[in-house]
Amino acid sequence: MKILKTFKAIADETRLRIIHVFLYGSFNVNEVFFIVGGKQSNISHHLKILSDCELLIAKKIGAEVYYRLNENKEFDCLLEMIKGSKSDFDFAEVDLKRLETILDKRNKIAEEYFNNIGEELNSLNDCLFRDIYSIDEIVNQITLKFENILDIGCGTGRNLPILSKKATKVFGVDLSPKMLQLSEHICKKYKLNYELKIGDIYNLPFSDYFFDCVFINMVLHHISDPMKAFKEIARIIKKNGKMIFIDLLGHNNDEMRSKYADLWLGFTLDELENYFSKNGFTIEQKVIKEDKKNNLNGVIILILNKI
(Lines give C-alpha, C1' and ligand atoms only; values in the text may rest on other atoms or scores of the structure.)
Protein backbone atom coordinates (compact mmCIF):
# COMPACT_ATOMS: atom_id res chain seq x y z
CA MET A 1 0.00 0.00 0.00
CA LYS A 2 1.36 3.41 -1.00
CA ILE A 3 0.12 5.12 2.18
CA LEU A 4 1.85 2.52 4.37
CA LYS A 5 5.10 2.97 2.42
CA THR A 6 4.89 6.74 2.84
CA PHE A 7 4.33 6.61 6.60
CA LYS A 8 7.16 4.12 7.01
CA ALA A 9 9.39 6.48 5.05
CA ILE A 10 8.78 9.44 7.37
CA ALA A 11 8.91 7.37 10.58
CA ASP A 12 12.60 8.17 10.92
CA GLU A 13 14.13 11.32 12.40
CA THR A 14 16.80 11.75 9.71
CA ARG A 15 14.28 11.41 6.90
CA LEU A 16 11.98 13.85 8.70
CA ARG A 17 14.90 16.30 8.84
CA ILE A 18 15.52 15.79 5.13
CA ILE A 19 11.88 16.49 4.25
CA HIS A 20 12.06 19.62 6.39
CA VAL A 21 15.12 20.75 4.38
CA PHE A 22 13.28 20.30 1.08
CA LEU A 23 10.49 22.60 2.23
CA TYR A 24 13.00 25.34 1.37
CA GLY A 25 14.07 24.33 -2.12
CA SER A 26 15.93 21.83 -4.26
CA PHE A 27 19.24 20.30 -3.13
CA ASN A 28 21.80 17.68 -4.15
CA VAL A 29 23.24 14.89 -1.99
CA ASN A 30 26.29 16.86 -0.88
CA GLU A 31 24.16 19.82 0.15
CA VAL A 32 21.78 17.63 2.17
CA PHE A 33 24.80 15.93 3.77
CA PHE A 34 26.21 19.34 4.76
CA ILE A 35 22.89 20.40 6.30
CA VAL A 36 21.87 17.18 8.06
CA GLY A 37 25.25 15.57 8.76
CA GLY A 38 25.82 11.87 9.45
CA LYS A 39 27.34 9.72 6.72
CA GLN A 40 27.00 10.59 3.05
CA SER A 41 26.16 6.99 2.15
CA ASN A 42 23.33 7.05 4.69
CA ILE A 43 22.00 10.31 3.26
CA SER A 44 21.92 8.75 -0.21
CA HIS A 45 20.02 5.78 1.24
CA HIS A 46 17.46 8.02 2.92
CA LEU A 47 16.98 10.03 -0.28
CA LYS A 48 16.32 6.80 -2.18
CA ILE A 49 13.65 5.73 0.33
CA LEU A 50 11.92 9.11 0.07
CA SER A 51 12.13 8.96 -3.72
CA ASP A 52 10.77 5.41 -3.85
CA CYS A 53 7.61 6.48 -2.05
CA GLU A 54 7.43 9.52 -4.38
CA LEU A 55 7.79 12.14 -1.66
CA LEU A 56 10.88 13.38 -3.51
CA ILE A 57 11.52 13.81 -7.22
CA ALA A 58 15.08 13.43 -8.53
CA LYS A 59 16.44 15.32 -11.53
CA LYS A 60 19.92 14.99 -13.04
CA ILE A 61 21.39 18.43 -13.77
CA GLY A 62 24.80 18.14 -15.38
CA ALA A 63 26.96 15.95 -13.15
CA GLU A 64 24.70 16.35 -10.10
CA VAL A 65 21.34 14.89 -9.11
CA TYR A 66 19.04 17.40 -7.43
CA TYR A 67 16.01 16.43 -5.38
CA ARG A 68 12.84 18.40 -4.65
CA LEU A 69 9.54 17.72 -2.93
CA ASN A 70 6.80 16.16 -4.99
CA GLU A 71 4.12 18.82 -4.73
CA ASN A 72 1.37 16.40 -5.64
CA LYS A 73 -1.83 17.35 -3.82
CA GLU A 74 -1.99 13.98 -2.07
CA PHE A 75 1.06 15.02 0.00
CA ASP A 76 -0.15 18.56 0.81
CA CYS A 77 -1.58 17.76 4.23
CA LEU A 78 1.48 15.77 5.23
CA LEU A 79 3.91 18.50 4.20
CA GLU A 80 1.82 21.21 5.86
CA MET A 81 1.84 19.20 9.08
CA ILE A 82 5.64 18.88 8.96
CA LYS A 83 6.03 22.58 8.16
CA GLY A 84 3.68 23.57 10.99
CA SER A 85 5.48 21.35 13.49
CA LYS A 86 9.04 22.57 12.83
CA SER A 87 9.11 24.41 16.18
CA ASP A 88 8.82 20.99 17.84
CA PHE A 89 11.97 19.72 16.11
CA ASP A 90 15.22 20.10 18.07
CA PHE A 91 17.16 20.00 14.82
CA ALA A 92 15.22 22.68 12.91
CA GLU A 93 17.16 25.78 13.97
CA VAL A 94 20.61 24.26 13.34
CA ASP A 95 19.57 22.75 10.01
CA LEU A 96 18.11 26.06 8.81
CA LYS A 97 21.35 27.92 9.60
CA ARG A 98 23.31 25.43 7.50
CA LEU A 99 20.67 25.60 4.78
CA GLU A 100 21.01 29.41 4.68
CA THR A 101 24.76 28.94 4.16
CA ILE A 102 24.03 26.84 1.04
CA LEU A 103 21.54 29.37 -0.35
CA ASP A 104 23.86 32.33 0.38
CA LYS A 105 26.68 30.57 -1.45
CA ARG A 106 24.45 29.98 -4.49
CA ASN A 107 23.25 33.58 -4.54
CA LYS A 108 26.78 34.98 -4.23
CA ILE A 109 27.94 33.01 -7.26
CA ALA A 110 25.35 34.75 -9.45
CA GLU A 111 25.79 38.15 -7.77
CA GLU A 112 29.58 38.15 -8.21
CA TYR A 113 29.25 37.00 -11.81
CA PHE A 114 26.93 39.84 -12.78
CA ASN A 115 28.89 42.44 -10.82
CA ASN A 116 32.03 41.44 -12.72
CA ILE A 117 30.62 41.10 -16.21
CA GLY A 118 29.18 44.62 -16.50
CA GLU A 119 28.71 45.95 -20.02
CA GLU A 120 29.97 42.69 -21.51
CA LEU A 121 26.55 41.23 -20.66
CA ASN A 122 24.99 42.80 -23.77
CA SER A 123 27.51 41.30 -26.18
CA LEU A 124 27.25 37.97 -24.36
CA ASN A 125 23.46 37.90 -24.73
CA ASP A 126 23.77 38.86 -28.38
CA CYS A 127 26.27 36.09 -28.98
CA LEU A 128 24.09 33.48 -27.29
CA PHE A 129 20.53 34.42 -28.19
CA ARG A 130 20.35 37.10 -30.90
CA ASP A 131 19.48 34.53 -33.57
CA ILE A 132 17.07 32.65 -31.27
CA TYR A 133 14.58 35.30 -30.15
CA SER A 134 13.90 39.03 -30.18
CA ILE A 135 12.58 40.99 -27.18
CA ASP A 136 10.94 43.46 -29.57
CA GLU A 137 8.94 40.72 -31.25
CA ILE A 138 7.89 39.16 -27.95
CA VAL A 139 6.76 42.44 -26.36
CA ASN A 140 4.85 43.38 -29.51
CA GLN A 141 2.71 40.26 -29.04
CA ILE A 142 1.01 42.13 -26.20
CA THR A 143 -1.51 44.67 -27.47
CA LEU A 144 -2.32 46.14 -24.05
CA LYS A 145 -0.87 49.38 -22.71
CA PHE A 146 0.11 49.19 -19.04
CA GLU A 147 0.46 51.76 -16.32
CA ASN A 148 3.72 50.15 -15.20
CA ILE A 149 6.06 47.28 -16.06
CA LEU A 150 8.81 45.79 -13.89
CA ASP A 151 11.96 44.25 -15.38
CA ILE A 152 13.27 41.76 -12.81
CA GLY A 153 17.02 41.36 -13.17
CA CYS A 154 17.15 44.35 -15.49
CA GLY A 155 20.93 44.10 -15.88
CA THR A 156 22.32 46.78 -18.19
CA GLY A 157 18.82 48.13 -18.84
CA ARG A 158 18.86 47.33 -22.54
CA ASN A 159 15.25 46.05 -22.47
CA LEU A 160 13.78 49.01 -20.58
CA PRO A 161 13.34 51.21 -23.71
CA ILE A 162 11.52 48.32 -25.42
CA LEU A 163 9.26 47.77 -22.41
CA SER A 164 8.57 51.51 -22.19
CA LYS A 165 6.60 51.27 -25.46
CA LYS A 166 3.98 49.29 -23.53
CA ALA A 167 3.87 51.25 -20.27
CA THR A 168 3.57 54.74 -18.85
CA LYS A 169 6.43 53.99 -16.45
CA VAL A 170 9.12 51.31 -16.38
CA PHE A 171 10.72 49.90 -13.24
CA GLY A 172 13.94 47.93 -12.99
CA VAL A 173 15.25 45.86 -10.10
CA ASP A 174 18.61 44.13 -9.82
CA LEU A 175 20.94 42.81 -7.12
CA SER A 176 24.00 44.42 -8.71
CA PRO A 177 24.67 48.16 -8.08
CA LYS A 178 26.95 48.15 -11.13
CA MET A 179 24.13 46.87 -13.34
CA LEU A 180 21.77 49.56 -12.03
CA GLN A 181 24.32 52.26 -12.91
CA LEU A 182 24.32 50.97 -16.49
CA SER A 183 20.49 50.87 -16.47
CA GLU A 184 20.40 54.47 -15.23
CA HIS A 185 22.50 55.54 -18.20
CA ILE A 186 20.12 53.81 -20.65
CA CYS A 187 17.02 55.33 -19.02
CA LYS A 188 18.44 58.84 -19.19
CA LYS A 189 19.66 58.35 -22.75
CA TYR A 190 16.17 57.38 -23.93
CA LYS A 191 14.43 59.89 -21.62
CA LEU A 192 12.29 57.20 -20.02
CA ASN A 193 9.84 57.63 -17.16
CA TYR A 194 11.60 55.17 -14.86
CA GLU A 195 12.47 54.00 -11.37
CA LEU A 196 15.36 51.67 -10.49
CA LYS A 197 15.87 49.81 -7.22
CA ILE A 198 18.35 47.37 -5.74
CA GLY A 199 16.32 44.34 -4.82
CA ASP A 200 16.23 40.66 -4.02
CA ILE A 201 13.82 38.53 -6.07
CA TYR A 202 12.72 36.87 -2.82
CA ASN A 203 11.91 40.21 -1.19
CA LEU A 204 11.02 42.68 -3.93
CA PRO A 205 10.90 46.33 -2.74
CA PHE A 206 7.34 46.97 -3.95
CA SER A 207 3.88 46.85 -2.38
CA ASP A 208 1.32 44.10 -3.00
CA TYR A 209 -0.49 44.08 -6.36
CA PHE A 210 1.47 47.08 -7.62
CA PHE A 211 2.38 46.02 -11.17
CA ASP A 212 0.29 45.51 -14.29
CA CYS A 213 3.06 43.51 -15.94
CA VAL A 214 6.34 41.84 -14.97
CA PHE A 215 9.13 40.93 -17.39
CA ILE A 216 11.66 38.24 -16.41
CA ASN A 217 14.22 37.31 -19.06
CA MET A 218 16.92 34.65 -18.55
CA VAL A 219 16.89 35.11 -14.78
CA LEU A 220 15.29 31.99 -13.33
CA HIS A 221 18.18 29.63 -14.04
CA HIS A 222 20.34 31.83 -11.78
CA ILE A 223 17.84 31.68 -8.88
CA SER A 224 18.41 29.16 -6.08
CA ASP A 225 14.71 28.73 -5.20
CA PRO A 226 12.39 29.26 -8.22
CA MET A 227 9.19 28.43 -6.32
CA LYS A 228 9.92 31.04 -3.67
CA ALA A 229 10.76 33.57 -6.39
CA PHE A 230 7.44 33.04 -8.19
CA LYS A 231 5.53 33.35 -4.92
CA GLU A 232 7.09 36.79 -4.43
CA ILE A 233 6.46 37.80 -8.05
CA ALA A 234 2.80 36.80 -7.67
CA ARG A 235 2.54 39.08 -4.64
CA ILE A 236 3.36 42.23 -6.60
CA ILE A 237 1.22 41.60 -9.72
CA LYS A 238 -2.38 42.80 -9.92
CA LYS A 239 -5.25 40.44 -10.67
CA ASN A 240 -5.37 39.89 -14.44
CA GLY A 241 -1.88 41.35 -14.68
CA LYS A 242 0.62 39.83 -17.10
CA MET A 243 4.01 38.21 -16.89
CA ILE A 244 6.41 37.84 -19.81
CA PHE A 245 8.72 34.95 -19.03
CA ILE A 246 11.76 33.77 -21.03
CA ASP A 247 14.24 31.08 -20.02
CA LEU A 248 16.09 27.97 -21.10
CA LEU A 249 14.51 24.59 -21.61
CA GLY A 250 16.15 21.76 -19.70
CA HIS A 251 19.48 20.74 -21.24
CA ASN A 252 22.70 18.86 -20.41
CA ASN A 253 25.34 21.42 -21.34
CA ASP A 254 27.21 21.56 -18.02
CA GLU A 255 29.59 24.22 -19.38
CA MET A 256 26.82 26.76 -18.74
CA ARG A 257 27.56 26.45 -15.02
CA SER A 258 31.25 27.29 -15.22
CA LYS A 259 30.99 29.84 -18.06
CA TYR A 260 27.88 31.76 -17.05
CA ALA A 261 27.25 30.92 -13.37
CA ASP A 262 24.03 29.04 -14.20
CA LEU A 263 22.60 27.30 -11.13
CA TRP A 264 20.06 25.27 -13.11
CA LEU A 265 20.43 23.77 -16.56
CA GLY A 266 17.06 25.05 -17.74
CA PHE A 267 13.58 23.79 -16.88
CA THR A 268 11.03 21.38 -18.27
CA LEU A 269 7.61 22.67 -19.23
CA ASP A 270 6.09 20.51 -16.46
CA GLU A 271 8.33 22.15 -13.86
CA LEU A 272 7.41 25.63 -15.05
CA GLU A 273 3.71 24.84 -15.17
CA ASN A 274 3.96 23.62 -11.58
CA TYR A 275 5.64 26.86 -10.46
CA PHE A 276 3.04 28.95 -12.27
CA SER A 277 -0.11 27.07 -11.28
CA LYS A 278 0.93 26.96 -7.61
CA ASN A 279 1.25 30.75 -7.65
CA GLY A 280 -1.91 31.68 -9.53
CA PHE A 281 -0.72 32.04 -13.12
CA THR A 282 -2.21 30.61 -16.30
CA ILE A 283 -0.34 30.37 -19.60
CA GLU A 284 -1.88 32.47 -22.39
CA GLN A 285 0.80 32.05 -25.04
CA LYS A 286 3.67 29.59 -25.39
CA VAL A 287 6.50 29.59 -27.92
CA ILE A 288 9.49 27.26 -27.97
CA LYS A 289 12.55 28.24 -30.00
CA GLU A 290 15.12 25.59 -30.81
CA ASP A 291 18.74 26.40 -29.98
CA LYS A 292 21.24 24.09 -31.62
CA LYS A 293 23.94 26.76 -31.94
CA ASN A 294 24.73 26.79 -28.22
CA ASN A 295 24.29 23.02 -27.69
CA LEU A 296 21.05 23.71 -25.80
CA ASN A 297 17.57 22.31 -26.29
CA GLY A 298 15.97 25.69 -26.74
CA VAL A 299 14.32 28.73 -25.22
CA ILE A 300 10.79 28.82 -23.84
CA ILE A 301 8.78 32.05 -24.10
CA LEU A 302 5.55 32.40 -22.15
CA ILE A 303 2.98 35.12 -21.66
CA LEU A 304 1.01 34.48 -18.48
CA ASN A 305 -2.06 35.89 -16.77
CA LYS A 306 -2.37 36.35 -12.99
CA ILE A 307 -5.75 35.00 -11.90
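The values are calculated or read from the model by the stated rules, or taken from the named source; none is laboratory data. These figures come from a predicted structure and were not determined experimentally. Every residue, glycine as well, gets a Cβ built from its backbone with ideal geometry; the counts of neighbours run over all protein chains shown.
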Of the residues I35, I57, which is touching a Lys or Arg at 6+ places or on another chain (Cβ under 8 Å) and within 24 Å of L249 (Cα to Cα)? I57
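Among the listed residues N140, N159, N148, which satisfies the condition of being surrounded by fewer than 18 Cβ atoms within 10 Å (Cβ to Cβ) and not charged (D, E, K, R)? Reasoning before the result, please.
Details: N159 fails: surrounded by fewer than 18 Cβ atoms within 10 Å (Cβ to Cβ); N148 fails: surrounded by fewer than 18 Cβ atoms within 10 Å (Cβ to Cβ).
On inspection, the qualifying residue turns out to be N140.
Restricting attention to helices (runs of 4 or more DSSP H) lying wholly within region 190-307, give those where 1 or more residues are over 19 Å from the mean Cα position of the chain (by Cα) and on the phi < 0 side of the Ramachandran plot. Spell out how you get there, then give the answer.
Numbers: elements: 226-236, 255-260, 269-278.
So the answer is 255-260.
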Unmet criterion (only one of (1) assigned to a helix (DSSP H, G or I); (2) under 19 Å from the mean Cα position of the chain (by Cα); (3) in the same structural domain as L248 (by TED's automatic domain parsing)) for L124: (2)
Is region 143-152 home to any residue that is in contact with a strand residue (DSSP E or B) (Cβ under 9 Å, 6 or more places away or on another chain) and at pLDDT below 95? yes
Residues D270, D291, D262: which one is of a type in the set (D, E) and in contact with a His (Cβ under 8 Å, 6 or more places away or on another chain)? D262
I'd like to verify a number: residues in region 31-56 that are touching a strand residue (DSSP E or B) at 6+ places or on another chain (Cβ under 8 Å) and either in a loop (DSSP other than H, G, I, E, B) or surrounded by fewer than 17 Cβ atoms within 10 Å (Cβ to Cβ) (or both), how many? 2
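Any residue that is hydrophobic (A, V, I, L, M, F, W, C), assigned to a helix (DSSP H, G or I), touching a Pro at 6+ places or on another chain (Cβ under 9 Å) and in the same structural domain as D136 (by TED's automatic domain parsing) - is there at least one of those in region 161-182? Give the steps one after another, and end with the answer.
First, the residues of region 161-182 that are hydrophobic (A, V, I, L, M, F, W, C): 162-163, 167, 170-171, 173, 175, 179-180, 182.
So of that shortlist, the ones also assigned to a helix (DSSP H, G or I) come out as 162-163, 179-180, 182.
This time we only want the ones that are touching a Pro at 6+ places or on another chain (Cβ under 9 Å), so: none.
No, region 161-182 contains no residue that is hydrophobic (A, V, I, L, M, F, W, C), assigned to a helix (DSSP H, G or I), touching a Pro at 6+ places or on another chain (Cβ under 9 Å) and in the same structural domain as D136 (by TED's automatic domain parsing).
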List, please: which pairs have Cβ atoms under 8 Å, are six or more places apart or on different chains, and start with a residue in region 47-65 that is assigned by TED's automatic domain parsing to the domain that holds N253 and end with one that is part of a loop (DSSP other than H, G, I, E, B)? none
Residues in region 203-217 that are modelled with pLDDT under 95 and either more than 16 Å from N279 (Cα to Cα) or surrounded by 18 or more Cβ atoms within 10 Å (Cβ to Cβ) (or both) total 0
Taking Y133 as the residue in question, decide whether it is assigned to a loop (DSSP other than H, G, I, E, B), under 25 Å from M256 (Cα atoms), hydroxyl-bearing (S, T, Y) and in contact (Cβ under 8 Å) with a residue 60 or more places away in the chain. yes
